[in-house]
């Protein structure tokens, strides 16, 4: 199950979505489907998942200008899952820091 969930997404925007809709974001394995993601979140965090929405982000080309010339590169592609929890459930990412 730990290989499905790569890491939680903890940003200001995601915190606002969490407070408003009780949704949590995770970066997940690109091959994982919604059923596997739901099962992993329920097992690891001990909560009841209502819905799972997934998005696949393509890698972007990036370039920057330096003294030595233009450096071109590519950002990695990844899959993101938004998990909606049932009323009353919550996940505390900061509990074991």
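The values are calculated or read from the model by the stated rules, or taken from the named source; none is laboratory data. Small disclaimer: the values here were computed from a predicted structure and weren't measured. Please note: Cβ atoms are built from the backbone with ideal geometry, for glycine as well, and neighbour counts cover all protein chains shown.
Here are a few things to note about the model shown:
- Residue check for residue 24: at pLDDT 95 or above and surrounded by 18 or more Cβ atoms within 10 Å (Cβ to Cβ): yes
- Scanning the stretch 47-59 for residues that are over 17 Å from residue 6 (Cα atoms), in contact with a helix residue (DSSP H, G or I) (Cβ under 8 Å, 6 or more places away or on another chain) and not in a loop (DSSP other than H, G, I, E, B) turns up just one, 49.
- Residue in the stretch 82-97 that is surrounded by 12 or more Cβ atoms within 10 Å (Cβ to Cβ), assigned to a loop (DSSP other than H, G, I, E, B) and either touching a helix residue (DSSP H, G or I) at 6+ places or on another chain (Cβ under 7 Å) or modelled with pLDDT of 95 or more (or both) present: yes
- Residues (surrounded by fewer than 17 Cβ atoms within 10 Å (Cβ to Cβ), outside any helix (DSSP H, G or I) and modelled with pLDDT of 95 or more) located in the stretch 31-46: 31, 33
- Only one of the listed residues (1, 14) is assigned to a helix (DSSP H, G or I) and closer than 19 Å to residue 95 by Cβ. That residue is 14.
- So residue 62, is it surrounded by fewer than 16 Cβ atoms within 10 Å (Cβ to Cβ), free of Cβ contacts under 8 Å to residues at least 24 places away in the same chain and outside any strand (DSSP E or B): no
- Selection from the stretch 65-81 of residues that are part of a strand (DSSP E or B) and over 19 Å from residue 14 (Cβ atoms): 65, 66, 69, 70, 71, 72, 73, 74
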